[in-house]
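Colleague: One structure, as C-alpha cells, below. Some questions next.
The values are calculated or read from the model by the stated rules, or taken from the named source; none is laboratory data. Quick caveat: nothing in here was measured; it's all calculated off a predicted structure. For neighbour counting, all protein chains shown are included, and Cβ atoms are generated from backbone atoms with ideal geometry for every residue, glycine included.
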Amino acid sequence: MHKGLSILLIFFIAIVGSAQTLPKTYTAYHITESIIIDGVASEESWKKVKPTDLFIDIEGNKVPKYNTSVKMLWDDTHVYFFAEMEEPHVWGNLKQKDTIIFHNNDFEIFIDPDNDTHNYYEFEINALNTLWDLFITKPYREGSPVLNDWDANGFKSSVKVHGTINNANDTDKGWSIEIAIPFDAFKTSYFHKNVPKDQFWRVNFSRVNWNFQLQNNKYSRKENDKGKIEHEYNWVWSPMGVINMHRPEDWGYVYFSSKKAGEEDKFKIPEDEKVKQILYRLYRKQKEYHKKNNRWATKFSELSDDDSKIEGNRVIRTIENHQTGFNITVISPFTKRLFIIREDGRIIQKLD
C-alpha cells in the first residue's frame, strides 16, 4: 500500500470509529465501442478493465461464501455495469417491477452523484432480471419519503444464468448481469450537464443472498424452526461498518476517467472528504445527544469531542442552533472552504 493511502486509512479509522474503514475507490474508463446489453462481457472494452475487489460482508469483517465483483465503463451518454456472482443455486420468483426485489437474491447499485447524501438512487435486480428502481430524497434515518414510482427512463439490463434457474436438480456456476443507465436518468433539470468526466460519484454495490428451502421442488427463503424467515446475508463492495446501506457518506468513490479503457489513471480521494467525515461524526453525536437530553448541544465539549485538528492542522468550527435544528460548520484546513452540515445530514459547501 502506498504511504499516502496508509495515512488516509489511519485517518478514516480514527474519525469514524467502530469497524468502518477507508471507502473503496474504482476508476471507470471512457469508451467509444458500442456495448450490447446481453449479460455477457464479450466486448473488448470489458476485457481491458479490471473488476472491483471481491465483495465483503457489509460490516467488513467476514468473507462471503460466494464471490462477487463488478466492472464499470462509461461513454458520453451512459454508464455501464457488469457484475459476476457465484451461486450454486440460482433462483427467483419475483417478476413484477418495483416489488421488494431483495426478498430474492439480488444485485444492487446505490448512486449519489453530488455527494451530499440526499437525492440518491437505488437499483435492485434479481436473476429473473426484474427491476426495482427507487429515488430517495433523504436517508431513511431522516424519515424521508421513498419514491417507488420513480422510473430510470432508458435503463437496460440483461441477465445470463450460468446453469439453469429454478432447477434444484443441478448445480449452477452463478449468474451475471449487464446494465446500461443513461446519464439523463440522473439529471436534476432539463439543462443539467451531469456527465461526470474526470469527476467522481459516491457509489456502492450490494448483493443480498438468502439461505433457501425447497417445497414441492420450488425455492423460497429458508425458515427457522419457529417458522420465521432466517436473516439474509449482505455482501458489499465497500464495507459500511454497520448493517445499513443507507449511509451514503460511507459509500465508495467511482472516478470517471476521460482516459480510454486499457489505459491507466490514478484517483486520490480529495482532502476535503476528511472534513466531511468529521462533520458526519458530529452530526451523529448531535443526534444521539438530542435523543438523550431533548435538546441540541451548544458546544463541542457536550459532544465529548475536543479534537480540533485534522492531521495536525487546526480546524475552525462552530455550532449554531436554531428553532428547527442546527448547523455545524468547519473550515477546511486544506482548501479554506466552508462546509456546513444541517440537522438532516445534508452537507452544504461554500465554494470560493
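Colleague: Can you tell me how many residues in the stretch 195-212 are surrounded by fewer than 16 Cβ atoms within 10 Å (Cβ to Cβ) and farther than 17 Å from LYS65 by Cβ?
Modeller: Going through the stretch 195-212 one residue at a time, the tally reaches 3.
Colleague: Output the number of residues of the stretch 99-153 satisfying the condition of being among the charged types (D, E, K, R) and part of a helix (DSSP H, G or I).
Modeller: Going through the stretch 99-153 one residue at a time, the tally reaches 2.
Colleague: I'd like the residue in the stretch 16-45 that is touching a helix residue (DSSP H, G or I) at 6+ places or on another chain (Cβ under 8 Å) and surrounded by fewer than 16 Cβ atoms within 10 Å (Cβ to Cβ) and, out of all such residues, is modelled with the highest pLDDT.
Modeller: GLU33
Colleague: Further question on the same structure: Can you give me the number of residues within the stretch 298-313 that are in a loop (DSSP other than H, G, I, E, B), modelled with pLDDT under 85 and not charged (D, E, K, R)?
Modeller: 3
Colleague: May I ask you to list pairs of residues, at least six apart or on different chains, whose Cβ atoms are under 9 Å apart, with the first in the stretch 31-60 being in the same structural domain as LEU73 (by TED's automatic domain parsing) and without any contact (Cβ under 8 Å) to a residue 12 or more places away in the chain and the second being of a type in the set (Asp, Glu) and part of a strand (DSSP E or B)?
Modeller: Once the first residue is in the same structural domain as LEU73 (by TED's automatic domain parsing) and without any contact (Cβ under 8 Å) to a residue 12 or more places away in the chain and sits in the stretch 31-60, its partners that are of a type in the set (Asp, Glu) and part of a strand (DSSP E or B) give ILE36/GLU178.
Colleague: Can I ask one more? Out of all the residues in the stretch 262-284, is one or more over 19 Å from PRO23 (Cα atoms), touching a strand residue (DSSP E or B) at 6+ places or on another chain (Cβ under 8 Å) and surrounded by fewer than 19 Cβ atoms within 10 Å (Cβ to Cβ)?
Modeller: Yes: the stretch 262-284 contains one or more residues that are over 19 Å from PRO23 (Cα atoms), touching a strand residue (DSSP E or B) at 6+ places or on another chain (Cβ under 8 Å) and surrounded by fewer than 19 Cβ atoms within 10 Å (Cβ to Cβ).
Colleague: Considering only residues that are among the hydroxyl-bearing types (Ser, Thr, Tyr) and farther than 21 Å from TRP235 by Cα, which ones fall in the stretch 118-156?
Modeller: THR137, SER144
Colleague: Separate question: Filter the stretch 46-61 down to residues that are within 20 Å of the chain's Cα centre (by Cα) and loosely packed, with under 13 Cβ neighbours inside 10 Å and give me whichever is modelled with the highest pLDDT.
Modeller: It comes out as LYS50.
Colleague: Read through the list (1) within 13 Å of ILE347 (Cα to Cα); (2) touching a helix residue (DSSP H, G or I) at 6+ places or on another chain (Cβ under 7 Å), then give the number of the only condition that SER332 fails.
Modeller: Result: SER332 fails condition (1) only.
Colleague: State whether the residues of the stretch 78-95 include one that is over 29 Å from THR171 (Cα atoms), touching a residue at least 40 places away in the same chain (Cβ under 8 Å) and among the acidic types (Asp, Glu).
Modeller: No, the stretch 78-95 contains no residue that is over 29 Å from THR171 (Cα atoms), touching a residue at least 40 places away in the same chain (Cβ under 8 Å) and among the acidic types (Asp, Glu).
Matching residues to (1) over 19 Å from the mean Cα position of the chain (by Cα); (2) free of Cβ contacts under 8 Å to residues at least 24 places away in the same chain; (3) surrounded by 15 or more Cβ atoms within 10 Å (Cβ to Cβ):
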{"residue": "ASN104", "(1), (2), (3)": "yes, no, yes"}
{"residue": "ILE109", "(1), (2), (3)": "no, no, yes"}
{"residue": "ASN115", "(1), (2), (3)": "no, no, yes"}
{"residue": "ILE136", "(1), (2), (3)": "no, no, yes"}
{"residue": "ASN153", "(1), (2), (3)": "yes, no, no"}
{"residue": "ASP170", "(1), (2), (3)": "yes, yes, no"}
{"residue": "GLY174", "(1), (2), (3)": "yes, no, yes"}
{"residue": "ILE177", "(1), (2), (3)": "no, no, yes"}
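Colleague: Given the residues VAL161, VAL63, which is the only one that is free of Cβ contacts under 8 Å to residues at least 40 places away in the same chain and among the hydrophobic types (A, V, I, L, M, F, W, C)?
Modeller: One residue alone meets the criteria, VAL63.
Colleague: Take the conditions over 24 Å from THR52 (Cα atoms), surrounded by fewer than 17 Cβ atoms within 10 Å (Cβ to Cβ) and without any contact (Cβ under 8 Å) to a residue 40 or more places away in the chain and apply them to SER220. Does it pass?
Modeller: no
Colleague: Given the conditions (1) touching a Lys or Arg at 6+ places or on another chain (Cβ under 6 Å); (2) crowded, with 20+ Cβ neighbours inside 10 Å, report the number of the one that GLU249 does not fulfil.
Modeller: Among (1) touching a Lys or Arg at 6+ places or on another chain (Cβ under 6 Å); (2) crowded, with 20+ Cβ neighbours inside 10 Å, the lone unmet condition for GLU249 is (1).
Colleague: Could you tell me whether any residue of the stretch 330-351 is among the aromatic types (Phe, Trp, Tyr) and either touching a Pro at 6+ places or on another chain (Cβ under 8 Å) or surrounded by fewer than 16 Cβ atoms within 10 Å (Cβ to Cβ) (or both)?
Modeller: Yes, the stretch 330-351 has at least one match.
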